[in-house]
Every structure is written in C-alpha cells, then in structure tokens.
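See below for the structure under consideration.
Please treat every number below as a calculation from the coordinates, not as lab data. Quick caveat, the model's predicted, so the values are computed rather than measured. Neighbour counts run over all protein chains shown; Cβ positions are idealised from the backbone, glycine included.
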Amino acid sequence: MKYYLLFLFILSYSFLQAQNQKVFMPGEIWKDANGDPVNAHGGGLLYHNGTYYWYGEIKKGKTWRVEYVTSWEDYRVNAGGVSCYSSKDLLNWRFEGVALKPNTADSAHDLHTSKVIERPKVIYNEKTKKFVMWMHVDSEDYGYSRSGVAVSDKPSGPFTYVGSVRPNGAMARDMTVFRDDDGKAYHFYSSENNATMHVCLLSEDYLSHTTTEKRILINQSREAPAVFKFNGKYYLISSGCTGWSPNPASYAVAGQILGEWTEYDNPCAGPGADTTYGAQSTYVQPVMGKKNAFIFLADRWNKLDLEDSRYVWLPMVIKNGKPVIEWRGQWDLSVFK
C-alpha cells in the first residue's frame, strides 16, 4: 500500500508541476497541463477572446534521413498533422487536440504521413468569422514546395483542408502569415530555392493569394520568417539557410509591408547569439496588455530525434528601433516594465 500511495503522490506532484509552471525555461522540456511534453514545433500563436492558442507540427516517432537527398541532411519523421494548445498566461498550456489531422490512406494527398507539414500559422478573419491556417506542405525531398491552407469555425479546430498552391507560380517553403491592423493579411515565404523571400497580399477571405506581392531580401537566402509590427514599422526576423544547424539571426525593417525592406544585423546579444542560442526563429508574439513587450519564439532542433526538439522562448523589446533579444535561463513576464 505504501508504494501505491508513493506512486500517487509522485503522479499528483508531477501533475501539479505541469499545471503550475511559474517561469519560462528555454530549451527545457515543456509539459502541458496533462504532464505530457508539448508537441508543437515550428509553431505560431493566435490571441483570440482572451486566450492564446499555440499551433505547431506534431513530430512523433522515429527520425530517419532521406538517403537519396545528398545536398543537405534531410532528416524527418512521419507527418503527424498540426496540434493546438490553449493558455491564458503563455506559461501553462492545455492540449486541445489535433487541429489538422494527417492523411493515412492516400499517399498522393498533401497531408499524407509520407509528406511534410511545417510551420503552421493561424489568423482570424473578422469578416468571414473563420480561422484560417496556412502551412508549408512538401514532399520528402522538398521538391513540391507549396503552401497549404485549411479553415475552421473554432480556434481549436478541427480544421478542414482546402488545398495547396505555389503562390503566383512561385516555390514556397518556410513561411508565416501576418494580419495587419486594417484587417489585411500577408503571406511571407521563402522562394526561388530559398534565395529570396516573397510577401503576398492574401484575398479578403485569407484563403488564396492576390497578384499583389513583393520580392524582398533578394538573394540573401533567408528562411524561418517571423513578422511583427511596432510603432508603425514592420519587422522581420529570419534565419540563414544552414539545414538543421543553427546560425545567426538577422532582422529587416520596412515602413510599408509591401515597400522596401532594409536588412540589419543580429537582434540577439550576449553568449550564444551567434547561433540564435542554438535555435531557429518561428514566431514573434506581442504580450497583450503590455507595451513594447514581445516574445521571440524559436525551435532548438534535434535532427537525430526531432520529437525531442525543444522550444526557446525569450523576451524581446525594441530599443532605438532595433529588436533586442538576450538569453535568460529562466524568466517571467515581469521582465517587461
């Protein structure tokens, strides 16, 4: 009996620990309210009606390398679809379920487990009252290079897959979406074999692309875009193209989203800055209710065990027009004054 009671105590303690995380711990295992590791890689957040929603790639099971791809280390797992978690405080997350399920029957389907589903981002359309998810969909050798879109009536899903496209005929890989203050939405994606970033205005329902677009960071080979706005200017943090190996981030600024973007140096500072603290950008989240307070979201990829890739969330502020990110082993929202 005493061993049984000890087991219950340990189980209850672990559950309470998962329920009551007090600080962000970048790079450590992050457990949800059930005590399970959060599985939401390459993710993005949505703030809706007082709740944050975290969407990400489900990476589960054995990692292997696609042997016939020799130009880079093409490690992958079976595509697991897109997960959704919810939180009121950005620290404690409840698993809402699989928001977009993979296809297990049709090997030709975009969402089949043999394919690639990456970097899901969700925005809300106030006119249609729909939640729209865009993502990078690809073949295992990354030759398909398309953007997929899905739609739902609820933030937690389930999302219904609409289809995929090469926007205006262009290759599309790493991506994000950004909804501006006027309700217009834009799709940022690495194109032209990742050499150049594209920005494209989405249709009013956010489900397709218009022909209004802009090529930016031309021949700079940037990926993993994360976009945000501050004091009327647009900011883009991105990564170099070095496969699974981390590299220095850089940032770009524009006065108009479809205008001229000027690229600057690394927004990260201090030890580890030259590798973005061993991670790669995926999203920037404004902290609601605070001014000049952002969270920089990044993934610390474990190429040999992708399921065990970790999350690096760090505070970010804008100083003299420059985003500044510094490493903190532990932190909470009180860092924002």
Would you mind checking which residues have amide H under 5 Å from Lys130's amide H? H placed 1.01 Å from N; only 5 or more apart, or other chain. Asn125
Neighbour-count ranking for Cys268, Cys200 (other C-beta within 10 angstrom, fewest to most) reads Cys200, Cys268
Can you list the residues, at least 5 places off or on another chain, whose amide H is less than 5 Å from the amide H of Phe230, using H built in the peptide plane? Tyr235
Karplus couplings for the stretch 321-337 from phi (6.51 cos²θ - 1.76 cosθ + 1.60, θ = phi - 60°), rounded to Hz, Gly and Pro as x? x, 10, x, 10, 10, 10, 6, 9, x, 9, 6, 9, 6, 5, 5, 8, 7
Amide H of His112 versus every other amide H placed in the peptide plane: which residues, excluding those fewer than 5 positions away on the same chain, fall under 5 Å? Asn103
What full-extension length gain, to one decimal in nm, is calculated for Thr70 and Ser245 as 0.36 nm per residue of separation minus the Cα-Cα distance? 61.4 nm
How high is the relative contact order of the stretch 31-335, in percent, counting Cα pairs under 8 Å that sit 6 or more residues apart? 11
Please list, in order along the stretch 77-91, the HN-Hα scalar couplings obtained from phi with the Karplus expression 6.51 cos²θ - 1.76 cosθ + 1.60 (θ = phi - 60°), rounded to whole Hz, x for Gly and Pro. 10, 4, 4, x, x, 10, 8, 9, 10, 10, 7, 9, 10, 6, 10
Pop out the ³J(HN,Hα) list for the stretch 200-210 in order, Karplus 6.51 cos²θ - 1.76 cosθ + 1.60 with θ = phi - 60°, rounded to Hz; leave Gly and Pro as x. 10, 6, 7, 5, 4, 8, 6, 9, 8, 9, 8
Report the longest stretch of the chain that contains none of the GluC sites (Glu not before Pro) sitting in a DSSP loop with at most 10 other Cβ atoms within 10 Å. 127-337
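What's the exposure ranking of Thr176, Thr282, going from fewest to most Cβ atoms within 10 Å? Before the final figure, lay out each step's value.
Details: Thr176 25, Thr282 29.
In increasing order of surrounding Cβ atoms, one gets Thr176, Thr282.
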Exceeding 30 Å between C-alpha atoms, which entries from my cross-link table qualify? They are Lys121/Lys290; Lys130/Lys233; Lys127/Lys303. Lys127/Lys303
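State whether the chain is rounded, prolate or oblate according to the following rule on the C-alpha gyration tensor (a ≥ b ≥ c being the square roots of its eigenvalues): a/c under 1.5 gives rounded; otherwise a/b larger than b/c gives prolate, and the remaining case gives oblate. If you can, show how the numbers build up before the last one.
On the way: a/c = 1.40, a/b = 1.20, b/c = 1.17.
Verdict is rounded for the chain.
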